[in-house]
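Below: the structure, in structure tokens.
The values are calculated or read from the model by the stated rules, or taken from the named source; none is laboratory data. Bear in mind the structure is a predicted one, so any value in this text is a computation, not a measurement. FYI the Cβ positions are ideal-geometry reconstructions off the backbone, even for glycines, and counts take in every protein chain you see. Protein only, heavy atoms only, side chains kept; ligands, DNA and RNA dropped before computing areas. Shrake-Rupley method; radii C 1.70, N 1.55, O 1.52, S 1.80 Å.
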Amino acid sequence: MFGIPVPRYALVIREVPYQQLDYFIEEEDFVEVHGMRFFKPFVEKPVDADNHSIMIYYPSSAGGGMKELFRKVGNRSSEFHPDVRRVRREGSYIYEEFMPTGGTDVKVYTVGPEYAHAEARKSPVVDGVVMRNPDGKEDNEEFMCMRRCCWWVGLKQKTRLGELAAAFVCESVVWKVRYPVLLSPAEKEMARDVCIAFSQAVCGFDLLRSQGRSYVCDVNGWSFVKNSYKYYDDSACVLRKMLLDAKAPHLSSVVPPTLPWKVNELTQPSEPLTREPLTRQGSGINGTFGQSEELRCVIAVIRHGDRTPKQKVKLKTKLKSAVQLQDLLDATRMLVPRTSFVAREVIDMRSDRLLDMQKLLWSITPILTSLFNDNNNQAYPSKLDSDSEAEDVDHAEKLRQVKVVLEEGGHFSGIYRKVQLKPLKWIKVTKGNGEIEEQPVEALMILKYGGVLTHAGRKQAEELGRYFRNKMYPGEGTGLLRLHSTYRHDLKIYSSDEGRVQMSAAAFAKGLLDLEGQLTPILVSLVSKDSSMLDGLENASFEMDEAKARLNEIITCKATTSDSNGSSEFPWTVDGAGLPPNASELLSTLVKLTKKVTEQVRLLAKDENEKLTERNLYDIIPPYDQANALGKTNIDVDRIAAGLPCGSEGFLLMYARWKKLETDLYNERKELEDILTELLHVHRRYDITQIPDVYDSCKYDLLHNAHLNLEGLDELFKVAQMLADGVIPNEYGINPKQKLKIGAKVARRLLGKLLIDLRNTREEAINVIKNNEDLSLSEKIKKDAEAKSKLFHKNDEIDQDDDDDKETKYRLDPKYANVKTPDRHVRTRLYFTSESHIHSLMNVLRYCNLDESLQEEEGLVCHSALERLSKTKELDYMSHIVLRMFENTEVALEDPKRYRIELTYSRGADLSPLEKKGSECTLHQEHTLPIMGPERLQQIGSYLTLETMENMIRPFAMPAEDFPPTPAGFSGYFSKSVLDRLVNLWPFHRQFSNLGK
């Protein structure tokens, strides 16, 4: 459009409201206009320019809903509607591709085609809150209105005005939410083109910076800046020149290009000298290193918050009719975006859409009907006569469980629920044309659900974000927000593919940046998924199976850890360190108490099951409820008062959870066989991999369902905790060397990314120093003289290396931003993941010096920290590992001590719900465990250089050249296409560096 880059768009024109259009198609997660498809999130704008109601629709995979953008009403400019999922049809609209900008927009103001002023602001897409100063004005509007009047009438009392300006800015500096930023050459050309295309000399437009490119999304009419004295002074000169050229050209060359009182005036008032620089370290967690250090980088790897227990149902279809199974497979196949069904293919889908689950429910209804009729009287029998009868009842219970899960469409949203169909048996069928085709006659259906971020998990994540804002960055919390709003805080947030992890990341961002509102807009705007880096254990599956086999031997065969290789001085080096000495006896107690709790839940579920069987099997799934789907923000007071489980889990699913634990933990059918093989020390009736799940369920019910008063649950938790404290850490390696091997395989890509982050931060800091040194004093004087001789300027003189800067960098305008240190820059990288990656990363950090190539080196983790880690019960919800890099500006660039690394960790919400503390009442009222504070991994006063850190980690990290190049700028939550994901698996273009990340 006029050569101006704009987001991809399409027009839908209706002559009358609700007119049916052949070229417009709407599905649940996309719209199609004239064959052009727009997947959610997308933007919907009215064609009528006077209608400022703009909608952004979000995909089901992020929770769905819609955010409405509108002109400021009070202190808000947007509002989120979680239940709105369909687009408007009462008028004509523009549909536009959503451009992720990292939560920041740029407003550009032109005065003629040769002048442009740009300011960064928080995007209304994120939370829609308008920041105002203490007087209720937005962006210091009161003072700027006064100044505008002054220079229009030619006020001569310039000295007093300058004093007022400095005083006002000093008083309201932390409330200022728009900062001048530099425009790239391409953006300056866009400003010129907009001004010419609309024939509007004085106008404003919105600029979106996304994935290394810039786009114009909105052009306004006569528009002025509200908070920049520099803009008004420049505008006065430009407008005066335009008027003189038109009406008195003979005076145009006579009048000086600058205002008379601006000749000897400073370009900006200074910041208060008493303000302590935000990034100055002074004294830190690991000791005092002087005021010469500045924070350059914060990297954190964080586990998700409190969640509901994860569940999995494996259901082997038992059908007499192959047609019924084929219908089931066909119905499920329609839910998968594939054109053909390949023989023996595993259908693996994440149910992003509620309609998908409804179709699947309809497809299994005939199966449920027949089995319910056959087995309804055996729903919860207390005694079974045969193995076959037990299998039939178990099958009926699983089908009933599947139906309940699918019916609760609001509770299990797409990012939390997954279905897999795996064909098991096939028959050959001759088709009409004589061809032979294989068709499935039996399949295994696996339904994964649960693991939903609870209201407590959301609260934990937000609180940790606020803690980071106030404590992790030296200086006050408002300083971080100031850095972020001025393009001096380079923030990127990554998440694994799990829904609880994504929502934890969004809640953390909400607390870190002091945002408001629902999590879905924050998730889409600020969080980028990277499952290849933060998901999966496949690379270390063989080693982990070995560790679990050895662990099973130690526990079930009553083997002692002292027989293994180890040292009494370093008890954590022993095989199976942390296991209780009486683990075998505790295991039998665990089984007994699990049965006791399961029986109590069975009785509670009996009434609910009777109600379920009375319902019509073909009932429609309840309407989508996003508040349930994404985890409630508050406790279910009404459900608790009614004696129901907290959250949306009913008694039937609660019983299914406990019954599965009881069955999987101890197999009674193998008891007789084990008696015969006891002499061989082969005990197959216990499955120790279920111990963490039992502990997980106990802790969840003690925290969220204590009002149910399950007898024996307290004792069961204590036994499960003693076993889990030993089992969980040893699942990731039975001894330090195996822990290091497994950790290096699981966290290889993440470790490589951390080294890239540290390297890029160092290179960026060095480049800033060199650029400042290259600009000599004579060059500065020359440039200032040239600037004063120019009549028209559009910030070119403050962007000295734009033409040479090939990488897209968005920077603060250093002359007019009222910022004392415009070159200061802090990089923050946040990686949200699961327990496995936290353990793996920690094991590499603590045992990296055990590698053959590093055995002569001192470890990264000190001896006292190794002792504390060996006694750490678990790396619980919101546990995290933090790396902070500081630069000592008084040390030479080539000195290794120029950059220092600080390592800390937190055990997360590692507090027993049974502990008696002063906050016990609050704990049970809010169902939320507090997060433990940071602990040192280094000795106080120790100095870990960046060079040492790189040398110790590099043997276990993915090389930088194996990371594919990515576009500069924020990648965005939904920016990766299928092709991009394939590219991530293909190490190409090794000569490029990964500066974009």
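The string of couplings for segment 835-843 from the Karplus curve (6.51, -1.76, 1.60, θ = phi - 60°) is 4, 4, 6, 5, 4, 5, 5, 5, 5 Hz, one whole number per residue in order, with x for Gly and Pro.
Positive contributions from Lys and Arg (+1) and negative ones from Asp and Glu (-1), summed over other residues with Cβ under 13 Å from the Cβ of residue 908, come out at -2. For segment 819-901, the fraction of 1.4 Å probe accessible surface lying on carbon and sulfur atoms is 42 percent.
Taking the convex hull of the alpha carbon positions in segment 719-768 and averaging its projected area over all directions gives 5.0 nm². Each of 734, 25 has its accessible area taken with a 1.4 Å probe; listed largest first, they run 25, 734. Summed over the residues of segment 27-130 and divided among them, the accessible surface reaches 35 Å² per residue at a probe radius of 1.4 Å.
Exactly which chymotrypsin sites (Phe, Trp or Tyr not before Pro) in segment 431-524 are in a DSSP loop and have at most 12 other Cβ atoms within 10 Å? List each step's numbers first, then the result.
On the way: sites: 449, 467, 468, 487, 494, 508; in loops: 487.
Of the chymotrypsin sites (Phe, Trp or Tyr not before Pro), not one in the loops of segment 431-524 has a Cβ with at most 12 other Cβ atoms within 10 Å.
Classify segment 1-61 from the C-alpha gyration tensor, please: rounded if a/c falls under 1.5, else prolate or oblate depending on whether a/b exceeds b/c. Rounded is the answer for segment 1-61, as its axis ratio a/c remains below 1.5. Solvent exposure of residue 463, expressed as accessible area, is near 80 Å², computed with a probe of 1.4 Å over the protein chains only.
Backbone geometry of segment 704-721 corresponds, through the Karplus equation with coefficients 6.51, -1.76 and 1.60 at θ = phi - 60°, to 3J(HN,Hα) couplings of 9, 10, 4, 5, 7, 6, 6, 5, x, 5, 4, 5, 4, 4, 4, 5, 4, 5 Hz, x marking Gly and Pro. Backbone amide hydrogens, once placed in the peptide plane, bring residue 827 within less than 5 Å of 297, 298, 490, excluding anything fewer than 5 places away on its chain. Here segment 35-87 exposes an accessible surface that is 52 percent carbon and sulfur, computed with a 1.4 Å probe and the other protein chains kept in place.
On a 27 Å Cα-Cα criterion, which of the cross-link pairs 310/471; 312/492; 548/737; 316/428; 548/659; 226/529 come out too long? From 310/471; 312/492; 548/737; 316/428; 548/659; 226/529, over 27 Å: 310/471; 312/492; 226/529. With 26 Å as the limit, the listed pairs 314/425; 314/718; 40/122 have 314/718 beyond it between alpha carbons. With only the Cα atoms considered, segment 1-131 has a convex hull volume of 147 Å³ per residue.
Surface composition of segment 712-777: carbon plus sulfur atoms hold 51% of the accessible area, using a 1.4 angstrom probe and ignoring ligands, DNA and RNA.
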